[in-house]
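Presented below is the structure to which this report refers.
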Amino acid sequence: MYRYDDFDERFVRERVAQFRGQVERRLSGALTEDEFKPLRLMNGLYLQLHAYMLRVAIPYGMLSSHQMRQLAMIADRWDRGYGHFTTRQNIQYNWPQLKDVPDILEALADVEMHAIQTSGNCIRNVTSDPFAGVAADEIEDPRPTAEMLRQWSSLHPEFSFLPRKFKIAITGSPNDRAATRVHDIGLRMVRDADGNPGFEVMVGGGQGRTPMIAKVLRDFVPKQQLIAYLEATMRVYNLHGRRDNKFKARIKILVHELGIEEFTRQVEAEFAAMDLPAVSPDPAEWARIEEAFTPPTYAALPEVSPLFVRAYETIPEFAAWADINLMPHKAQGYAGVTVSLKPIGGIPGDATSDQMRILADAADRFGFGQLRVAHEQNIVLPDVPVNDLPALWRMLAAAGLDTPNRGLITDIIACPGLDYCSLATARSIPIAQSISERFADLKRQREIGPLAIKISGCINACGHHHVGHIGVLGLEKHGQEYYQITLGGTPEGDAAVGVNAGPGLAAEQVPEAIERLVDHYLNERLDGETFLKTYRRLGHDAFKGALYAAG
Amino acid sequence: MPLVDDRGFHGDRWRHIADDEALPETGDVIVSQGRIAEALARPCGRVGTELGPDGDPEALVPHFGDLALIAVTFRSFADGRGFSLARRLRALGFTGELRAAGHVICDQYPYLRACGFDHAEISTDLAKRQPEAYWLQAAKSITLGYQRGMARSTSIFDGRHPAERRLTA
């Protein structure tokens, strides 16, 4: 993985010192709260309902075991012994004190981490496929480009006061596991006719109160020109994005109002006027970063592991976990493992400091010391020898980390909601918990098959409800929480925004309503049909009818 | 209004002349774009103009030879259009003084410089809350940046490859 050099180290240390000064000036009154706000936000510090919340960047979701242990230490020393992994592959601490935050940032810098630009109207932490570099279906590893983007976007002098936040996602695989089409910019790796790597650049996707699927800005930008092309795009947005209305300030609105043709024309004109050699990082720099992502030295392993086969045949719980939580790996005899942070009835994405340390130990013992955070709020061990899977599973099971539910109905995405967040209009966590409990039976979950439930506690859609097969949006009216159900969303290749099914439901009605949707699907599905496929075949009204059928 | 640059606070030798105000015979003046010709016709004194956040840098290109200063205005420090306008003005070939005028705060000073500004003109109120020492401190708070093609001595991307740079330079 990428390691800081002296430049990165100095850069991050200077940033910590700068923030320490800003905190002191805020406490002395030299900075007003209005002026401090964007500065603290650009260091990931929010003011929430009960306390400050610190969001730490995990660039493209990649962590070493050493870094994971430091995250556990921070949770113990400055928080309440746990952290929350988010849909943007970050970790959030819910209870830090303002005066401690510079020390926390210092502790992060000690392990080559930071909280730069995890919030604020700037380019946010770049997200990617949690299986980047190991997936069997990959064209090329997108992480070197993601790391280049992390560096390029860090404290960008021109793009730190944008009209609104800006999110970039990147995938190296045709099977999009990074939700690129619902980002401000989505980058999908492609090759040109001569086999040169580059990117399809998509723009103007996003969720929030106006969900949109991104449009293609350019079908091929050579890798070497990507930074310049993004600068051109960002400049058009910075100059012309709306600043009169916070709710219309994202790039998707600009693209929508100008039309993709006119937006493209402006970007191409800006790009044509740029001095490419002056702006683009040197090929030697690309090569340096690429070298940091050289794959680990995989052992030559046999295709079949007798140890695995024996465990699979004799321990049904292990077999279920192996069926559900593994991903094919490009190297023979290895697997990608999803460690679910969605125990039945648990809080999606939460991990205790003890669990973090066990994950770090597991990565050291079985997976080259590497971990990933998936946007589904789970942890991935990307490179585990199949032979070691039974031992890994036992270790995880002892810590309550063996839930076999990746992609199933209880693998629920949920934002923190009104239990923590000052923007929320309703609670998300208890809804997730009650759905999870209702569908706890694994046999039934497996019978239902892939089904993504995503819950947001407000219109900002941090819980990605727009792209849930079943989305749940928490709202509030006259002091009463209620929940709107959307159907048919997906962030993948054939990305679609879910359609609102109608009047909202009370919290206690939600699990039953979902049960009716699931029953309808199970009754109507054809052989091998997933929920989403059946929904698309039968249409919205059929499921809407089921949703509101008298219980 | 106080000016601030790399060396600290200064008095302003430039005067902003409102559109309904008579032009002084001499002295350096900042006028609206419509009055550039009138200001140039004076016997002496340099001429600058303002570019608002909605302004079009291309429209100023014909005047680049005559203008000693362009003041890019910031309505709020959170409105970052001025950063892009400065980069455009520099890319279009403006070599005179570039001023950031309005609400900018000391934490933005390194960004302003990197985007091509020479100095900032701030309000007396802000200068009281954020005195000279803060600006001097902010100017050297972040000494490194990754991005290339900015108006600063070097980028980290270049610093890592001094040999290659020399070969291609």
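The values are calculated or read from the model by the stated rules, or taken from the named source; none is laboratory data. Since the structure is predicted, the reported quantities are computational estimates derived from the model, not experimental observations. Glycine also receives a Cβ, built like all others from the backbone with ideal geometry; neighbour counts cover every protein chain displayed. The protein model used for the area step is the full one, side chains on, heavy atoms only, and it has no ligands, DNA or RNA in it. Shrake-Rupley method; radii C 1.70, N 1.55, O 1.52, S 1.80 Å.
Odds and ends about this structure:
- Within the option set A:Glu14, A:Glu9, being closer than 21 Å to B:Tyr146 by Cα, touching an Asp or Glu at 6+ places or on another chain (Cβ under 8 Å), open to solvent by 10 Å² or more (accessible area, probe 1.4 Å) and not aromatic (Phe, Trp, Tyr) holds for one residue only, A:Glu9.
- Yes/no for A:Glu14 being away from chain B (no Cβ under 11 Å), free of Cβ contacts under 8 Å to residues at least 12 places away in the same chain, among the acidic types (Asp, Glu) and under 30 Å from B:Ser76 (Cα atoms): no
- Residue ID - most open to solvent (accessible area, probe 1.4 Å), chosen from residues in the range B:137-155 that are outside any loop (DSSP other than H, G, I, E, B) and in contact with a helix residue (DSSP H, G or I) (Cβ under 6 Å, 6 or more places away or on another chain): B:Ala139
- Of the residues making up the range A:479-493, those that are within 18 Å of the chain's Cα centre (by Cα) and either part of a loop (DSSP other than H, G, I, E, B) or of a type in the set (Phe, Trp, Tyr) (or both) are A:Gly489, A:Pro491, A:Glu492, A:Gly493.
- Helices (runs of 4 or more DSSP H) completely within the range A:271-333 that count 1 or more residues being in contact with a His (Cβ under 6 Å, 6 or more places away or on another chain) and open to solvent by less than 40 Å² (accessible area, probe 1.4 Å): A:283-291
- Residue count for the range A:42-58, restricted to those that are open to solvent by less than 30 Å² (accessible area, probe 1.4 Å) and not in a loop (DSSP other than H, G, I, E, B): 4.
- Some residue of the range A:388-408 being touching a residue at least 60 places away in the same chain (Cβ under 8 Å), touching a His at 6+ places or on another chain (Cβ under 7 Å) and buried (at least 23 other Cβ atoms within 10 Å of the Cβ): no
- Test result for A:Phe19, in contact with a Pro (Cβ under 7 Å, 6 or more places away or on another chain) and either within 17 Å of B:Ser141 (Cα to Cα) or at pLDDT 90 or above (or both): yes
- Listed conditions (1) under 19 Å from the mean Cα position of the chain (by Cα); (2) away from every other protein chain (no Cβ under 14 Å); (3) not in a loop (DSSP other than H, G, I, E, B) are all met by A:Leu149, apart from (2).
- Any chance A:Arg209 is open to solvent by 10 Å² or more (accessible area, probe 1.4 Å) and modelled with pLDDT of 95 or more: no
- When the range A:428-452 is filtered for residues that are surrounded by 24 or more Cβ atoms within 10 Å (Cβ to Cβ) and not aliphatic (A, V, I, L, M), the ones remaining, listed by number, are A:Ser428, A:Ser436.
- All conditions but one from (1) outside the structural domain of A:Phe263 (by TED's automatic domain parsing); (2) surrounded by fewer than 23 Cβ atoms within 10 Å (Cβ to Cβ) apply to A:Thr87; the one that does not is (2).
- Taking the criterion of being over 19 Å from B:Val61 (Cβ atoms), open to solvent by 30 Å² or more (accessible area, probe 1.4 Å) and assigned to a loop (DSSP other than H, G, I, E, B), the residues of the range B:71-117 that qualify are B:Arg75, B:Ser76, B:Ala78, B:His103.
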